[in-house]
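**Q** Attaching a single structure in C-alpha cells format; questions to follow.
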Amino acid sequence: MPDTALYQDGVRASVTVIGVRERATRLHKVADAIEKRFDCFVQAEVADTGKPVSLASRLDVPRAAANFHVFADLVKMSGLESFQTETPDGTHALNYAVRKPLGVVGVITPWNLPLLLLTWKVAPALACGNAVVVKPSEETPATATLLAEAMQDAGIPSGIYNVVHGFGPGSAGEFLTQHPDVDAVTFTGESRTGAAIMKAVAPTVKPVSFELGGKNAAIVFADSNFEEAVNGFADAVFRAIKAGFLNAVSVGFSPIKYAFSEEDGRTFGVDFLQHAHDFIVHPHDDSRRRACGCEHAVPRARFESRKARFGDGRHLGRRERALRAGYRERP
C-alpha cells in the first residue's frame, strides 16, 4: 500500500483545496497529457495486450482521454435534488441533497482493456473529489504507470492518484480491498473474484461497484438457416478481427458459449472452428501478420496460464501454439 498519510493528505487536498471547477480543469489537463503522450500509451497498450496498433490508437487511447474530458464536464453540470415540504406549523421547509466524496477508492482493473476501463473508473472518482489507489492486472500494468506520469504533468497533487502493482489473492489486490483506509472498491473481472471482494468488504460495509465476468450465450435452433447461423456466430465472436485482428481470446466479452442441435447430422462446432481458423493469421505468413498490424494476440502470462490449465488441448479438440513474436490460441 502507498503511504497512508500521503493519500489521506491527497483526499483532504481534493476536498478542501480543489473545488469542482478546479478539479474539472485539472482533469481536462490529464486528458491533454494523455494526448501529448499518445504514442507512448499506444506502444504500452500494444506491448501489454497484443492489440493491433490500429485498434489501440483508434479506440483505447482516445477513449482514455475522452473519459477525463467527459467526466470533467459532467461534474460541473451535475445538479442536486431538492424539494419543498410543508411543516406542521404551516410553513415550508426546503430539503436538498449534499454530495460528499467517499474518500479513498480502490480501483482494480482487468487485463483485456487495461487503459480504457482504468480511466472509466478513475476519471469519475477524481471528478467527485476522491483519491484512488489503482491495482492494475499484473499482466497489463504499463499504462496505469504511464497515467501516473500524465497526472503529474497535469498538476494533480501527490496522494490523489496512487498505483500499486501485484497479484490478487494474498497480494496487492486482497490487501487493497481489506485495508481500513480504503472507503470503496470498484472492480472489473471474474465473478469469483467479485465474490471474494464482497466477503472482504462485508465487515466494514464498504460500497462496491462491480462489472463481473460471464459470456453472452448464442443458441442455434435445429430449424435455423445453418450457413447463416455459422456465419453470424463467427462474425459475432471474431468481428473485431475483421476490423483489426482483435479476437475473442484477447477481448473476452464477445459471445463464445453456444448451444446447438445436431439432430440432422450437421456439425456446427466443426464448421465454426473452420471459420475461426480462416480468420486467424497463418503463423508463419509475415506479410499477412503485417497487414493486420498485429504481432501477438495473447499476453504471455495468460497464454502460459491457459496452457497449464488445458494442457496440450487434445482432449478439447484444440491446440495452443507459441508463435515467434507472440502467443495465440488456435482452434
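Bear in mind these aren't lab numbers, they're just calculated from the coordinates by the rules spelled out. The model shown is predicted, which means the values in this text are computed figures rather than measured ones. Here the Cβ positions follow ideal geometry from the backbone for every residue, glycine too, while neighbour counts run over all protein chains shown.
**Q** Rank-order 146-156, 23-33, 88-98, 164-174 by packing density, defined as the average count of other C-beta atoms within 10 Å over each peptide's residues, highest first.
**A** Numbers: 146-156: 19.2, 23-33: 20.9, 88-98: 7.3, 164-174: 15.6.
Ranked from most to least packed, the peptides come out as 23-33, 146-156, 164-174, 88-98.
**Q** Here's another thing I want to ask about it. Kindly write out, for region 226-233 in residue order, the coupling ³J(HN,Hα) from the Karplus curve 6.51 cos²θ - 1.76 cosθ + 1.60 (θ = phi - 60°), rounded to whole Hz, with x marking Gly and Pro.
**A** Working through the residues one at a time gives 4, 5, 5, 5, 4, 5, x, 5 Hz.
**Q** Additional query: Pull up the DSSP beta bridges for region 81-137 and report the antiparallel fraction as a percent, rounded to 5. Don't skip to the end; give the middle numbers.
**A** Numbers: 5 of 10 bridges.
DSSP beta bridges in region 81-137 are roughly 50 percent antiparallel.
**Q** Take Glu22 and Arg63, extend 7 Å from each Cα along the Cα→Cβ direction, and tell me the distance between the two endpoints in nm.
**A** Between Glu22 and Arg63, the simple spin-label model gives 3.3 nm.
**Q** With labels modelled as points extended 7 Å from the Cα through the Cβ direction, what inter-label distance (nm, one decimal) is found for His92 paired with Cys40?
**A** 5.6
**Q** Right, something else. Output the pairs from Lys135/Lys206; Lys36/Lys135; Lys29/Lys121; Lys29/Lys51 with a Cα-Cα distance over 21 Å in this structure; if there are none, say none.
**A** Values: Lys135/Lys206 17 Å; Lys36/Lys135 24 Å; Lys29/Lys121 17 Å; Lys29/Lys51 27 Å.
In this structure, Lys36/Lys135; Lys29/Lys51 exceed 21 Å between Cα atoms.
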